[in-house]
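Below is one structure, written out as structure tokens, with a few remarks after it.
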Amino acid sequence: MEFALSHEQTLLGESVRSFLRDHCPIEAVRAQAATGTGCEEGLWRGLLDLGVQGLLVPERHGGTGLGLLEAAVVAQALGGAAAPVPFLCSVAMAPLALLRSGSAAQQDRWLPRIAGGEARIAMGFVGYVGGRGGAALSLDRDRLSGAAEAVLDAGAPTHFLVYLPDGRAAILGAGDAGVSVALRRTLDGTRPLAEVAFDGVEAEVLEAAADPRAAALQVLDAGRVVLAADTLGAAQAMLDRAVAWAKQRVQFGRVIGSFQGVKHMCADMATMLEPCHAFVWHAAYAQDTRSAEARLMACHAKAHLDEVGREVARMATEVHGGMGFTDLSGLHYWLKRIGFNRQVLGGPERCREEAAALQGWTA
Amino acid sequence: MEFALSHEQTLLGESVRSFLRDHCPIEAVRAQAATGTGCEEGLWRGLLDLGVQGLLVPERHGGTGLGLLEAAVVAQALGGAAAPVPFLCSVAMAPLALLRSGSAAQQDRWLPRIAGGEARIAMGFVGYVGGRGGAALSLDRDRLSGAAEAVLDAGAPTHFLVYLPDGRAAILGAGDAGVSVALRRTLDGTRPLAEVAFDGVEAEVLEAAADPRAAALQVLDAGRVVLAADTLGAAQAMLDRAVAWAKQRVQFGRVIGSFQGVKHMCADMATMLEPCHAFVWHAAYAQDTRSAEARLMACHAKAHLDEVGREVARMATEVHGGMGFTDLSGLHYWLKRIGFNRQVLGGPERCREEAAALQGWTA
Amino acid sequence: MDLNFSEKHRAFQAEVREFIRRHGPASPKTGGGRKRPDRKTLDWQRLLIEHGYAGRTIPREYGGYGAAPDVLEAAIIAEEFGRANVHPGIMNQGISMLVPTLLEVGTREQCERWVRPTIRGEIIWCQGYSEPEAGSDLASVRTRAVVEDGHFVVNGHKIWTSSAHYADMMFLLCRTEPDKPKHEGLSYLLLSMRTPGIEVRPLRTMTGRAEFNEVFFTDVRVPLDQIVMGRGHGWHVANITLKHERMGIGDAGKLTHRLQRLVELLRATKVDGVPLIAAAEFRSRLLRLQGEVLAWRAHNLRLLTDQARGEDPGLRRLIVKYGGTVLGHRLSALAVDALGAEGLTALSQGEDAQDDDAANWNNDYLYDIGLLIGGGTSNIQRNIIGERGLGLPREPRVPGTGGRGA
Amino acid sequence: MDLNFSEKHRAFQAEVREFIRRHGPASPKTGGGRKRPDRKTLDWQRLLIEHGYAGRTIPREYGGYGAAPDVLEAAIIAEEFGRANVHPGIMNQGISMLVPTLLEVGTREQCERWVRPTIRGEIIWCQGYSEPEAGSDLASVRTRAVVEDGHFVVNGHKIWTSSAHYADMMFLLCRTEPDKPKHEGLSYLLLSMRTPGIEVRPLRTMTGRAEFNEVFFTDVRVPLDQIVMGRGHGWHVANITLKHERMGIGDAGKLTHRLQRLVELLRATKVDGVPLIAAAEFRSRLLRLQGEVLAWRAHNLRLLTDQARGEDPGLRRLIVKYGGTVLGHRLSALAVDALGAEGLTALSQGEDAQDDDAANWNNDYLYDIGLLIGGGTSNIQRNIIGERGLGLPREPRVPGTGGRGA
């Protein structure tokens, strides 16, 4: 009974970090940002070798049956390398969607394909994080019509899984007739977003949950925790780089880290960011244990990391001086990843409003 | 045509500052904070010699007929010395109340007494800045009943002037039968607040304004600008002291102002505070010219100075190290004055809400 | 990672709740800054120690409850007390700084003599560190002690000594080896404030209380065995003490508790009939603060685990004072804003009074400004975080001084 | 203090409004960071100068409109253009930095030759200041120029040269007197970017554009008369330039304009049917920002008056860049938040494209991070404010270096 990563969890993080150190240099990120789909195939296969795709898939379905805490540990490592892989949906949220909302038969069918890396499932939530007018879905029996916006991990998916406002989810092939995908590059070049339209497409409907909307929210919350972990990793990478730079860069005859201005900026970043490690673990753990606080923690972890991430990204860039603003340093890939994470699955303002509603803090 | 104080306005500020330098040392503030009424009689008389009380009273009524900009200049000087005098109500808001809401006869009767310093009018607004349940007033013809809370400048008044929610105001003698005053010391010891109850007291009613509520709001806005100016003066005094201390205090073998930590704190304070001078002038000027922006500027000037004042007060104290926390340095008299100004006539949150409503920024 | 409430912990939580249900009404009010504990608080403290909710992991032989460190138990106590707004036990410099220092590097005799009455709140300690010319720059203290017939004889002048006017004892940093380099010439003495030759002059603070003092020493005699570690080790001991202070001041339990009080305040305060917790700006600020408090709460659990494992958490520990103090101040600032103009009249009735909630918030707000300064300004804290936590280089020395820091 | 709209100014305001009514639809889009002005923008600029809405106070003989400085007129123009969200004219380093520098210390010939095409947007200047080892520490530039047969011959390497890849000219800080002390050995040259020996290598930035460059000089020949003031006065001239930059970057008109755009965005953006301007947190943030912008707007009027009077506003001027840049960034941050996930897909279509509003906000947000760094980091700005504005002492020199600052 203790509040710390277990030996296995630490090793998991190490192994992913070590793999990424070797296989996800900044050049790979840069290349993806220029032309990629958000899924660098070499990385995807390498992670498969590490068993990452099966993380949340039960052992009987070919996975390792671990929890969101482990997923958060991996997400942090991926954020730390700005790694372009569709982890959020395909590895973290999709298996949870099947476990929460799918029938036994559906789980039998889909989970092994997820664990095996064959199914890469892009996901969208319609009616969950504030509508801006463009999205609306309807299911006529098993025929899906309408459109979903800001669909995630949609660069190279095999399938789409979209949640309807009532908590049902529909899953269908990415190439099915009647599916049209408008893929948009984003500020974070490594991760596109898609608008996907469905024209009466036959879909498999996940509707086994006792409380479908609650089940959908659990999946959304899990996604938020994963995004928080990703931002944590990215922000920590930026802070680490800022500190290293501050120890090495000389101006006015002194290493700049010896100036209080720079030193205090680094101290401020560390003071903001360091508690976030425990916070993200705690939020993930609350998901895994279905604690009464689980929703509150997910909303707050996402919102808090969104804010801290933004601050750290700006300050770490500033510590680098002009170098931080260039593509050369590559710092901005993390900055933009943090900016992307902030906006998807509900920005911090939305997450906090949900936290307020959960606690009855309303008029 | 220019955006700067005129020679006369500059001289006015100088003369008040110079008077206060001689007659309002920190010891006078300390003594008032311990036992005073919020009106140091010597200062009151001295200001009378300078013509301060007649600042907003037209010349034909024995005043100098100047504007709120001049009042703001004086308020800034008073804030800079943390001077315990009932300037806000008796000098700034009361004459405006008479000019905006009083009949010609009422102006003839009251304004000369204000300019002469004989009338010291404490004021309250009921139904203007958010009710917390305790206050309610009613007028039955000229009989005033009910209670007003947070009545300002109520330590040693000759009269009370209270605004009713409908924009009428009632003025009556402080010692009249049926008036009961519960005077409360406040955090800012130099300025008490009163709860005043009226039991069918005969009052003079000011009801000559064409739009009574709008007239009342103009008086309230003027008060807010004066408070903003007072906070500006207090915050500037704190910053000046912090900078002086930073130039003199030696630690680690160096004057502390040479450390970036301290230097940047001072720079941050100056960057926040310096634009506030022009802002307060502008807000006061907008009142004087009845500009279309006048209300918006008053709300924002109050709210903005409340925020900047708080930040500067905290940082200036911090620059002083332990000395800043002691009564010895006296810094906290300014800090508490700023804290007092923040809360009265509507805190910054309230002022901003009004600014939003003025612009139609509502659902 | 395992925060599962085992059967044992579920039972423990029930036990804590039962304690609060039964005894909560006898709790002194919370908040309001430092004062000498009154009778009610002393009784409460003894009750807490008896039940293991204060002095929990301090050995029984020294007057504590003697429980094994258990991160979850500690968390349960903090959580439940905070949630119920019940007094979490006395927290003062003796308890948060001196006791852990003695347990770490004191002799058995020193522990036996001082730990018990200190954790009970019966002996109040003050900290004799800062001097007029050595505020942030602690290592340059000049108060000196020389050995004369079996005693240290102390002469000098301390300042910013909180609680000295009612303290029973002082832990004192003074110079005993004037010929050695700055940091190696110091010793850490324990002395009674009743010793002849001590004069305490109150320094009134902005809270209106005399929370600080100047202390003058004229030939003050301290028995030779009242030194912690040996001569010349004072800087080392003082840093151990400060390490524990940095743990203490930003304590996440306190933050959780304060947030809880703040939520209650915003629920209860209605303006034009609307509770402030539903008013746009207040709620937005509260939500931001709640997120931050949750982060520190989790961080604190992690630190407790580090502590239980005997690991030095390094950076994680170093950030606690700075981060926690700033956040604590922002919590009380929101409370002061919620209280509005009426709150301005909520004044402390004095050091020994049971103040109402509003007065306590005002005091917390002001006192927190002191905390931002006390124990080293925020700038010093950030130097420590940057240098010891992140390994950034110190300020270069300026010729002819020992200059660095600020 | 007199901001009364006299008859003359009321008429002027009407004139500006009429101009905007008539020509506004032809305005290029606003926002989005720096690019080379396109045809549409050049035409717009000429139109503005013709009517006195750009280059207003620049003498007619140098291609300006030749109006006497009038603070209210300037304010009216900024206000009306901002309110209408109409392009306020080209703002680049030539216009905001070089032109006022030439007008202040250039020769008549230099003014005649370069001011007109610069303010028209036809000559684009870049700034040759920073070097790889002299970023914040500008006075230590090493790029050198020696005089050989009637020319300065330049060799060296500059970096962070914004716009160099499309600039026509450069103002260059280089070392001409290597034997003099650091600050006295510099000169300020003007040279064509077409001169043989110049190689520009784009440095792509986080905006995806190559807003910065490295520039390499190999025996680049600059006519002797293309120096501003004399040899060894480069540090002085560069500081004049930077003074004007500090005025420019935090420009309150830009802030007012940006606030206006932000208000429109928050009015127009609806989430679940509610405009964000009515959503608690967005509105709270917007209101805070509005208050700050109003303060800077008033401050700017004051500075314009200082300027009209020929007074040096000292501290008031020194805070503009730092304060304005931070505030500008916070404005664009709120816009980015309002755009939400959909805003992530709003990308600039390239340096010469007319981007949509959302893309411009994204670019502003990123570009502003660059502004926080460019022209000296915020730390340098705060040093300047503290030292020159408040008279605080410099960092002590470290032995063996010229060390100070950062």
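Just so you know, all these numbers are worked out from the coordinates, no wet-lab data involved. Predicted model, so just to flag it, every value in this text is computed and none were measured. Note that each Cβ is placed from the backbone with ideal geometry, even for glycine, and that neighbours are counted across all protein chains shown.
Between the listed residues B:HIS304, B:PHE259, B:TRP334, the Cα displaced farthest toward the positive end of the dipole of segment B:212-358, a dipole computed from Cβ unit charges relative to the Cα centre, is found at B:PHE259. The angle separating the long axis of helix D:315-343 from the principal Cα axis of greatest extent in chain D is about 50 degrees. Shape class of segment C:200-249 from the Cα gyration tensor (axes a ≥ b ≥ c, square roots of the eigenvalues): oblate, since a/c reaches 1.5 or more and a/b does not exceed b/c.
Of all beta-carbon atoms in chain B, the one sitting closest to the axis that brings chain B onto chain A gives B:GLN260, 2, with the distance in whole angstrom. Scoring D:98-104, D:126-132 by mean Cβ neighbours within 10 Å over their residues and listing the highest first yields D:126-132, D:98-104. Extent of segment C:239-389 along its three principal axes (Cα atoms, max minus min coordinate, largest first): 52, 32, 26 Å. The C-alpha atoms of chain D define a longest principal axis, and helix D:71-84 lies at about 60 degrees to it. Rounded to the nearest whole Hz, the Karplus-based 3J(HN,Hα) values (6.51 cos²θ - 1.76 cosθ + 1.60, θ = phi - 60°) of segment D:303-312 follow the sequence 5, 4, 5, 3, 4, 4, 7, x, 8, 8, with x at glycine and proline.
Among C:GLU7, D:GLU18, a tally of other beta-carbon atoms within 10 Å of each Cβ gives an order, fewest to most, of C:GLU7, D:GLU18. For D:GLY128, the residues 5 or more places off, or on other chains, whose built amide H falls under 5 Å of its own are D:PHE171, D:LEU172, D:LEU173. Sequence-distant contacts, meaning Cα pairs under 8 Å at least 6 residues apart, place the relative contact order of segment B:212-358 at 33 percent. Evaluated on the protein assembly as shown, the Kirkwood hydrodynamic radius is 34.9 Å, with distances taken between all distinct Cα atoms. The ranking of A:MET297, B:MET265 by Cβ neighbour count inside 10 Å, starting from the fewest, reads B:MET265, A:MET297. Taking other Cβ atoms within 10 Å as a rough exposure proxy, D:ILE240, B:ILE26 sort from fewest to most as B:ILE26, D:ILE240.
Using Cβ point charges alone (K and R +1, D and E -1), the dipole size of the protein assembly as shown about the Cα centre works out to roughly 1540 debye. Annotation: the antiparallel percentage among DSSP beta bridges lying fully within segment D:123-233 is about 85. Sorted shortest first, the separations between the D:GLU184 label point and its copies elsewhere in the assembly read 4.5 nm; each point sits 7 Å from Cα along the Cα-to-Cβ line.
Label points for D:LEU47 are taken 7 Å from Cα along Cα→Cβ. From this copy to the others they lie 8.0 nm apart, shortest first. Its Cα centre serving as origin, segment A:1-144 has a Cβ charge dipole (Lys and Arg +1, Asp and Glu -1) of approximately 500 debye. Can you find, among B:THR64, B:HIS7, B:GLN106, the residue sitting farthest towards the positive end of the charge dipole of segment B:7-115, where Lys and Arg contribute +1 and Asp and Glu -1 at Cβ? Of the options given, the answer is B:GLN106. Using the Cα gyration tensor of segment C:124-230, with a ≥ b ≥ c the square roots of its eigenvalues, what is the shape: rounded (a/c below 1.5), prolate (a/b larger than b/c) or oblate (neither)? Oblate is the answer for segment C:124-230, as a/c is 1.5 or above yet b/c matches or exceeds a/b. Residue of chain D with the Cβ closest to the rotation axis carrying D onto C, and that distance rounded to whole Å: D:ALA280, 2. Taken about its Cα centre, segment D:7-118 carries a charge dipole of roughly 500 debye when the Cβ of each Lys and Arg holds +1 and the Cβ of each Asp and Glu holds -1. With springs only between Cα atoms under 10 Å, which of A:PRO275, A:PRO157, A:PRO165 fluctuates most in a Gaussian network model of chain A? Of the options given, A:PRO275 has the highest mean-square fluctuation. Taking amide H atoms as placed 1.01 Å from N in the peptide plane, the amide H of A:ALA169 lies under 5 Å from those of A:LEU164, A:LEU206, each 5 or more residues away in sequence or on another chain. Distances between copies of C:GLU109, taken at a point 7 Å out from Cα along the Cα→Cβ vector and listed shortest first: 9.3 nm. Just D:TRP114, D:TRP125, D:TRP361 to compare: in a GNM of chain D, with alpha carbon springs under 10 Å, which one fluctuates most? Of the options given, D:TRP114 has the highest mean-square fluctuation.
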